[in-house]
Amino acid sequence: MRLSVIGCGYLGAVHAAAMASIGHDVVGIDVDQRKIEALSKGEAPFFEPGLQEILAAGIASGRLQFTTDMAEAHGAKVHFVGVGTPQQKDGYAADLTYVNAAVDGLLPFLSDGDIVAGKSTVPVGTAAALAERVTPTGATLVWNPEFLREGFAVKDTIDPDRLVAGVPAGAEGEQAAEVLREVYHPAIAKGTPFIVTDLATAELVKVAANAFLATKISFINAMAEIAEVTGADVTTLADAIGHDARIGRRFLGAGIGFGGGCLPKDIRAFSARAEELGRGESVAFLREVDNINLRRRDRAVDLVVEGLGGSVFKKNVTVLGAAFKPHSDDIRDSPALDVAVRLHGLGAWVTITDPEALGNAERLHPQLNYVADRDEALRGADAVIVVTEWDEYRRELSPEHAASLATGRVIVDGRNCLDASAWRAAGWEYLGMGRP
């Protein structure tokens, strides 16, 4: 099938390359000329495991192309809209500027029977409003939310754990759902659930999922706050309650909290939309979820200060990690960078290292010191803080090796990913999040 993908950022580029990899003919369209030039050469504009390979293969096969010309969308059967919906600069609500511009730009090139499939995360009610503009062209608007995990986005696109299609009522919606079943046939053939629903439910599925995950993370971080004043160990607590099948252990890792381009802005936009609908009280708890998350960054900074005797002024602090999570170079709302900037503001000499995100971090915060080599970054450190749980920090760095490089012996485990007993046995003062 011929497909177009409008917007070639993180979501769009992965979706376009993944759809080409399963056999579709795909054209990716974006207004950013430099991004299009890189993608057309088979060069991924950001780090995502597996993307470079399927991108290059798609270009080489001729099934994948990129352009800035929206007219190239003409002739595609399904047009996926995957542009960003950032938080508004003056409030919590989602900024729909790019979604509206993408759909308006696409309208002149739609044909009778085409399908416009929204993938962007939007406030509930957005699809219904967009459908009023799409329907007169003879095309059908549906909503097909994405559930990508950064670091696993290629797998999550090709082999998702579920597919959701929000479609209009009646024969038009049934036909659109059948077309999407064809698009995702390889995954459906392997047993991936394909859930057909109305537009509003499809929009809510995405934001509800993110709200639940954010709540689960902030719940265990709230327990960490209690553990810190009672002497309890939040990691053992998480293990114990995680054995309950109704709860599960995943997303119960206490630490400096969540970040990235999805969870923080999505829960804020959900709260803002609920207020607009007159149901703000229904998700009022999300405000506290957000507050707990931000407090954990404060706590991580406090632990470094405590470990260094009450002041970090003119002390060398090495920050292990810059990306908001491992297997990514994404620094959007990164707790790691936030902690580094706060320590710098307290007068510390901060050195940051990260396997993939240093370039992005340095462009945003040039005032900090960046060192690509982990061991060089550790050399001379008075204190070390782990803020992104890359394997080269949590598995491959021994406390003995770190001790041979650092000057001090203070290690703050911002992700509770290290073996506390091993670090203490090697002479380090180990300070965890919600751990005695």
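What the table below lists for this structure:
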quantity	calculated
Gaussian network model of the chain, springs between alpha carbon atoms under 10 Å - residue of 21, 271, 421 with greatest fluctuation	421
Residues with amide H under 5 Å from that of residue 417, placed H, sequence gap 5 or more	none
Shape call, the range 88-194: gyration tensor on alpha carbons, a/c limit 1.5	oblate
Net charge, residue 92 excluded, C-beta distance under 10 Å - Lys, Arg +1, Asp, Glu -1	+1
Most mobile listed residue (356, 48, 281) in the chain, GNM with C-alpha springs under 10 Å	281
The range 295-436, dipole about Cα centre (Lys/Arg Cβ +1, Asp/Glu Cβ -1), debye to the nearest 20	500 debye
Formal net charge of residues neighbouring residue 147 (Cβ-Cβ distance under 14 Å; K, R +1; D, E -1)	-2
Cα centre as origin, Lys/Arg/Asp/Glu Cβ charges: the chain dipole, Debye	580 debye
Cα-based shape type of the range 43-99, given that a ≥ b ≥ c are square roots of the gyration tensor eigenvalues and the cut on a/c is 1.5	oblate
Shape box of the range 2-197 [Cα atoms, principal axes, largest first, Å]	43, 40, 33
Neighbour-count order for 70, 1, fewest beta carbons within 10 angstrom listed first	1, 70
Cα gyration tensor shape for the range 271-333, rounded if a/c is under 1.5, else prolate or oblate	oblate
Cα long-axis angle, helix 51-61 against the chain (0 to 90 degrees, to the nearest 10)	30 degrees
Values of log10 I(q)/I(0), in the order q = 0.10, 0.19 Å⁻¹, for the range 154-285 under a Debye, Cα-only, solvent-free model	-0.49, -1.15
Separation in nanometres of the label points that stand 7 Å from Cα toward Cβ, at residue 40 and residue 200	4.4 nm
For the chain, Kirkwood radius (reciprocal of mean inverse C-alpha pair distance, Å)	23.1 Å
Residue among 305, 49, 92 farthest towards the positive dipole end of the chain, charges placed on Cβ	305
Residue 128-residue 373 FRET efficiency (beta carbon distance; Förster radius 60 Å; 0.05 resolution)	0.70
Selection from 236, 278, 258, by position along the positive dipole direction of the range 227-297 (Cβ)	258
Relative contact order computed over the range 202-436 (Cα-Cα under 8 Å; 6+ residues apart), in percent	22 percent
Under 11 Å, Cβ to Cβ, from residue 63 - net charge with Lys/Arg +1 and Asp/Glu -1	0
Interchain or long-range residues, amide H under 5 Å from residue 352's placed H	319, 369, 370, 371
Of 136, 168, 49, the one that fluctuates the most in a GNM where the chain has Cα springs shorter than 10 Å	136
Principal axis box of the range 202-436, alpha-carbon based, largest edge first, Å	57, 41, 31
For the range 355-436, projected area of the alpha-carbon convex hull averaged over all directions, nm²	5.5 nm²
Binned Cα-Cα distances of the range 1-95, short to long, each 5 Å bin given as a whole percent	3, 16, 26, 24, 15, 8, 5, 3, 1
For the range 327-372, the fraction of alpha-carbon pairs in successive 10 Å shells from zero, as %	28, 63, 9, 0
Residues residue 250 and residue 208, FRET efficiency given R0 of 25 Å [Cβ-Cβ distance, rounded to 0.05]	0.90
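A short reminder: the numbers here are calculations on the coordinates, not readings from a lab. Everything numeric in this text was worked out from a predicted model, so none of it was measured. Positions of Cβ are backbone-derived with ideal geometry, glycine not excepted, and every protein chain shown enters the neighbour counts.
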